[in-house]
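A short worksheet on the structure shown next.
The values are calculated or read from the model by the stated rules, or taken from the named source; none is laboratory data. As the structure is a computational prediction, the values presented were derived from the model and not from experiment. FYI the Cβ positions are ideal-geometry reconstructions off the backbone, even for glycines, and counts take in every protein chain you see. Only protein heavy atoms, including side chains, enter the accessible area calculation; ligands, DNA and RNA are left aside. Shrake-Rupley method; radii C 1.70, N 1.55, O 1.52, S 1.80 Å.
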Amino acid sequence: MRRRIFGTTATTAVLGLLIPLAGCGGSGDSAGGSATVHLVAAEYGDSPATSSKPYWDKMATDFAKENRGIKLDVKLLPWADIDREVSRMVKAGKAPDVALMGSYSDFAAQGKLYPADELLSVTAEANFLQPLADAGSVDNTLYGLPFVASSRLLFYNEALFAKAGIKEAPKTWSDLETAAKALKSKGVKFPYALPLGPEEAHAEALIWELSNGGGYADSAGNYSLASDQNVDTWGWVKEHLVTTGLTGPTSPSQLNRADAFAAFLRGEVGMVNGYPSLAHEARAKGIGVATTSMPVSDNLGTGEIPPTVGVADWMMAFNQNGKRTEIGKFLDFIYRDKNLSDFADRYHLLPSTVTASRTPAGGGLDKNDTQFLVALRGAQLYPVNDPSWLSVSDTIKRNIGRAVEPTGDPRRVLEDIAAQATQASKKY
């Protein structure tokens, strides 16, 4: 397949725990003469109380009632393990029928997936939000079905802003620097939390690079990881935020997203990039929180509005077991507005379809989440439709933090990442 980058994977959510509900079998697997659809899904919860298990238990029961002779078995795996485990299963000839995880294009490149037009009606396929459908497509064929999504906005603690005398949300990098200095003068531990640790550094990196007119791909759809704009971005961040102590006591390369969010919920962070669930958690703790678009580089000015970062998780249907009809019935069921919205609401994420996000009757959105939906409609996603992205994103996560370390050279770090991306791309 021709390589084409639309610009994300999405590991949107929270890391989980292992809760196997049922094993996965190969072709011809059945129970009592009934066909069985095997789903391997990422666990979105971080405790038994927030586990995805109750949701999938209900879906399995309801699906079986509506589709006599077809059962749904679900196996939950942690985010840290699911990509590796599903890849192992596919290689061993024991692919699940469906998987819900953060990447799909490697399997599409191997010819292991059903295209959406063999599973969904034209109406159902057209119902996906356009940026998500684009990111789920390779050569204009949809293989990765977006399930839930989120976008990223800049969060700021209203009480800390008021204490520091900051009256407006920052619109430019200079505004952000000025606000961070004011916050630091009032003893705020992390004026701007910069999570470039290996958990999700690729998200923070893309947010900053887009705000300077850069990003991961050029207009032709090729990786542009060491572009002049990106080099300038990390040079500015290092000089104006990190070296001056405005990112807090923890080295950005050691600060993970989860740690930055936890500090925000303790009232120790003035500003941090986040997604809808953080807003809900902050308000539940009585923290006054406001959001705004990521401030832009002074080179761009406030008249230019770069895209926000969007992330999504993907349903994919494997063709190894020949269960196209059964899988189609399952997808028709799970993408109903209520079923999709019930999952999205559970984790304060955004449903991936137009109808599920449009009105309360269609599942609806919390009023605080609508701003994230608006941002998502014009968002840029990671290049998940490039089969090398899994490897490239790992390289970014492990290395981008070095660009702002005291001895780090942004250009050299980015060129090293770009060279590794080139090697990864050669495998496909």
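Name the residues in region 202-223 that are at pLDDT 95 or above, of a type in the set (Gly, Ala, Ser) and touching a Gly at 6+ places or on another chain (Cβ under 7 Å), would you?
Correct list: Gly215 only.
Scanning for something on the phi < 0 side of the Ramachandran plot, assigned to a loop (DSSP other than H, G, I, E, B) and open to solvent by 10 Å² or more (accessible area, probe 1.4 Å), does region 175-184 turn up at least one residue? Working first, answer last.
Within region 175-184, the subset on the phi < 0 side of the Ramachandran plot is 175-184.
Cutting the leftovers down to assigned to a loop (DSSP other than H, G, I, E, B) gives us none.
So far as region 175-184 goes, no, none of its residues is on the phi < 0 side of the Ramachandran plot, assigned to a loop (DSSP other than H, G, I, E, B) and open to solvent by 10 Å² or more (accessible area, probe 1.4 Å).
Which residue is nearest to Pro383 (Cα to Cα), if the candidates are limited to region 97-142 and must be among the hydroxyl-bearing types (Ser, Thr, Tyr) and open to solvent by 30 Å² or more (accessible area, probe 1.4 Å)?
Within region 97-142, the first condition is being among the hydroxyl-bearing types (Ser, Thr, Tyr), and the residues that meet it are 103-105, 114, 121, 123, 137, 141.
Imposing the further condition that a residue be open to solvent by 30 Å² or more (accessible area, probe 1.4 Å) reduces the set to 121, 123, 141.
Numbers: Ser121: 26, Thr123: 25, Thr141: 15 Å.
Across region 97-142, the extreme among qualifying residues is Thr141.
If I ask for residues that are under 24 Å from Val148 (Cβ atoms) and aliphatic (A, V, I, L, M), which ones from region 291-315 would you list?
Met294, Val309, Val311, Ala312, Met315
Any idea how many residues of region 71-82 are among the hydrophobic types (A, V, I, L, M, F, W, C) and either open to solvent by 20 Å² or more (accessible area, probe 1.4 Å) or out of contact with any helix residue (DSSP H, G or I) (no Cβ under 6 Å at 6 or more places or on another chain) (or both)? Walk me through how you get there before you give the answer.
Pass one, region 71-82, residues among the hydrophobic types (A, V, I, L, M, F, W, C): 72, 74, 76-77, 79-80, 82.
From what is left, the residues that are either open to solvent by 20 Å² or more (accessible area, probe 1.4 Å) or out of contact with any helix residue (DSSP H, G or I) (no Cβ under 6 Å at 6 or more places or on another chain) (or both) are 76, 79-80, 82.
Matching residues across region 71-82 total 4.
May I ask you to verify whether Pro360 is at pLDDT 85 or above and either among the acidic types (Asp, Glu) or open to solvent by 10 Å² or more (accessible area, probe 1.4 Å) (or both)? Working first, answer last.
Details: at pLDDT 85 or above: no; either among the acidic types (Asp, Glu) or open to solvent by 10 Å² or more (accessible area, probe 1.4 Å) (or both): yes.
Here the answer is no, as Pro360 does not meet what is asked.
Please tell me if Thr36 is loosely packed, with under 13 Cβ neighbours inside 10 Å and either of a type in the set (S, T, N, Q) or closer than 30 Å to Ser425 by Cα (or both).
So Thr36 fails the test.
Return only the number of the condition from (1) open to solvent by 20 Å² or more (accessible area, probe 1.4 Å); (2) under 20 Å from Ser251 (Cα atoms); (3) in contact with a Leu (Cβ under 7 Å, 6 or more places away or on another chain) that Leu160 does not satisfy.
That leaves (2) as the condition not met.
Given the conditions (1) modelled with pLDDT of 90 or more; (2) open to solvent by less than 60 Å² (accessible area, probe 1.4 Å), and given that Lys338 satisfies all but one, which numbered condition is not satisfied?
(2)
Please go through region 405-428 and pick out each residue that is more than 16 Å from Leu225 (Cα to Cα) and surrounded by 13 or more Cβ atoms within 10 Å (Cβ to Cβ).
Glu405, Gly408, Tyr428, listed by residue number.
Can you list the helices (runs of 4 or more DSSP H) found entirely within region 197-270 that contain at least 2 residues being of a type in the set (D, E, K, R) and either under 19 Å from Leu183 (Cβ atoms) or within 23 Å of the chain's Cα centre (by Cα) (or both)?
On the way: elements: 201-210, 228-237, 257-265.
Helices (runs of 4 or more DSSP H) meeting the threshold: 201-210, 257-265.
Across region 298-317, which residue is most open to solvent (accessible area, probe 1.4 Å) among those that are more than 30 Å from Ser87 (Cα to Cα) and touching a strand residue (DSSP E or B) at 6+ places or on another chain (Cβ under 8 Å)? It would help to see each step written out before you state the result.
Filtering region 298-317 for residues more than 30 Å from Ser87 (Cα to Cα) gives 298-308.
Of the ones still in play, those that are also touching a strand residue (DSSP E or B) at 6+ places or on another chain (Cβ under 8 Å) are 298, 301-302, 304-308.
Details: Asp298: 79, Gly301: 19, Thr302: 87, Glu304: 96, Ile305: 145, Pro306: 32, Pro307: 55, Thr308: 25 Å².
Restricting to residues being more than 30 Å from Ser87 (Cα to Cα) and touching a strand residue (DSSP E or B) at 6+ places or on another chain (Cβ under 8 Å), the top hit is Ile305.
Tell me which residues, restricted to region 268-285, are open to solvent by 30 Å² or more (accessible area, probe 1.4 Å) and modelled with pLDDT of 95 or more. Don't jump to the end; show me each part of the working.
First pass over region 268-285, keeping only residues open to solvent by 30 Å² or more (accessible area, probe 1.4 Å): 268, 280-281, 283-285.
Correct list: Glu268 only.
Among (1) in contact with a Leu (Cβ under 7 Å, 6 or more places away or on another chain); (2) at pLDDT below 50; (3) among the hydrophobic types (A, V, I, L, M, F, W, C); (4) farther than 25 Å from Arg257 by Cα, where does Leu18 come up short?
Here Leu18 clears every test but (4).
Does Asn385 meet the test of being over 30 Å from Gln229 (Cα atoms) and either under 21 Å from the mean Cα position of the chain (by Cα) or not in a helix (DSSP H, G or I) (or both)?
Working: over 30 Å from Gln229 (Cα atoms): no; either under 21 Å from the mean Cα position of the chain (by Cα) or not in a helix (DSSP H, G or I) (or both): yes.
In short, no.
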